[in-house]
Amino acid sequence: MEVNQEIEINDVTLKVHGDHRQNNVPVSLALRIGTRDGKETADGARTFLKHSDVTKTIAEYVTSHTFTSPENLAEDVAKITIVGFQTTWVEVRVSVVEERQQSIHYPGTINIRRTRGDFPRPIVFISLGSNICPDKNLTNAVRLLRERTTVVAVSKVFITPPQLDTNQPPYHNMAVKILTPGDPYDLKRALYDIEDKLLRVRDPLRKNGPHTIDLDISFWDDVTFSFTAFNRDALGTSGKTTLSDHTKVKSGIKLQQIPHPDTLKFAHTIVPLADLDPDFKHPVVMKTLAEVAMEVTGHVDFKGVFETADFKIYD
């Protein structure tokens, strides 16, 4: 059975860039959403889409992005609602609050309807870490991700002690939720490209040493699988590979597991992911990320295990 739900989001300021200037446009959002009649849990209860989750995600997305038009906003909100919250369809109405805004060519109201077939894109979780100029490199990494994907939400930045190789500065770790048009192999190559742009050095003698940036795919929707990708740590920093060099190519290929194994092993990985989406279920152990984070850290207040950084990724 399908259930129709309505959500209103008011007092939102839309940053629209056009004509070589940025305009701050007050808007209100109204969503009509089609969802299945709840998901049945292990104890027989049924869970429904939480309006507060949708409102929080969309409000954070709007305030942290600049759009080319209100139509662009409506399309992104529809995409986030369908892909991020697995709704069957959504109707989005964006209303410009102040009539004077229409004088700069913004229509008063935009209405669109989208279905799941319009956005066949997965929701993906990316883990990021840096202990070399982390404020600059994490910010730039998210900026470059936004150029290649749709960044839906970001976690807080947690300051964590180094693992395995402890003779180095503490790390700053975070996670982002994205929508991506490509497959896992394409996305992994894009992440390697971002690491290269941010001057990631791959020292085969100190694999776990200091990094300007490290990006990993942690979850790909709620599925479990493996795929092959180039191992940049084995291939070196340049990324230039001679395909005729059999030994080098063989050593430069590795199997990537999704979900990433670190999501069940390290607090610095799972805590930002659980901060980002505590109710998302880990597809291997079928526990929420909050539950996994509590088990890995040994603390109910898993977010309090690490200090948080005093800088924000978005202005």
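One residue stands out in the range 88-108 among those that are modelled with pLDDT of 85 or more and open to solvent by 30 Å² or more (accessible area, probe 1.4 Å): the one that is farthest from N4 (Cα to Cα), namely R93.
Across the range 53-87, what is the number of residues that are over 16 Å from the mean Cα position of the chain (by Cα) and open to solvent by 20 Å² or more (accessible area, probe 1.4 Å)?
Within the range 53-87, the first condition is being over 16 Å from the mean Cα position of the chain (by Cα), and the residues that meet it are 55, 66-75, 78, 87.
Now restrict to residues that are open to solvent by 20 Å² or more (accessible area, probe 1.4 Å): 55, 66, 68-69, 71-72, 75.
Total meeting the criteria: 7.
When you scan the range 189-198, do you find a residue that is aromatic (F, W, Y), touching a Lys or Arg at 6+ places or on another chain (Cβ under 9 Å) and assigned to a helix (DSSP H, G or I), even just one? Yes, the conditions are met somewhere in the range 189-198.
Looking across V142, V151, one residue alone is within 16 Å of the chain's Cα centre (by Cα), under 29 Å from T55 (Cβ atoms), touching a residue at least 24 places away in the same chain (Cβ under 8 Å) and part of a strand (DSSP E or B). It is V151. Scanning the range 160-176 for residues that are surrounded by fewer than 17 Cβ atoms within 10 Å (Cβ to Cβ) and within 17 Å of K136 (Cβ to Cβ) yields a total of 2.
Hey, among S226, S238, S218, S244, which residue is assigned to a strand (DSSP E or B), on the phi < 0 side of the Ramachandran plot and modelled with pLDDT under 95?
S226
Screening E295 on (1) surrounded by fewer than 16 Cβ atoms within 10 Å (Cβ to Cβ); (2) at pLDDT below 95 shows it passes everything except condition (2).
Kindly establish whether K197 is modelled with pLDDT under 90, of a type in the set (D, E, K, R) and either open to solvent by 80 Å² or more (accessible area, probe 1.4 Å) or in contact with a helix residue (DSSP H, G or I) (Cβ under 8 Å, 6 or more places away or on another chain) (or both).
Judged against the criteria, K197 is not a match.
Given the criterion at pLDDT below 95 and more than 30 Å from T88 (Cβ to Cβ), identify the matching residue among T180, T160, T166. Give the derivation first.
Details: T180 fails: more than 30 Å from T88 (Cβ to Cβ); T160 fails: at pLDDT below 95.
After applying the criteria, what remains is T166.
The values are calculated or read from the model by the stated rules, or taken from the named source; none is laboratory data. Only a predicted model underlies this, so the values are computations on that prediction, with no experimental measurement involved. Positions of Cβ are generated from backbone atoms using ideal geometry, with glycine treated the same way; all protein chains shown enter the neighbour counts. These area figures cover heavy atoms from the full protein model, side chains too; ligands, DNA and RNA do not enter into them. Shrake-Rupley method; radii C 1.70, N 1.55, O 1.52, S 1.80 Å.
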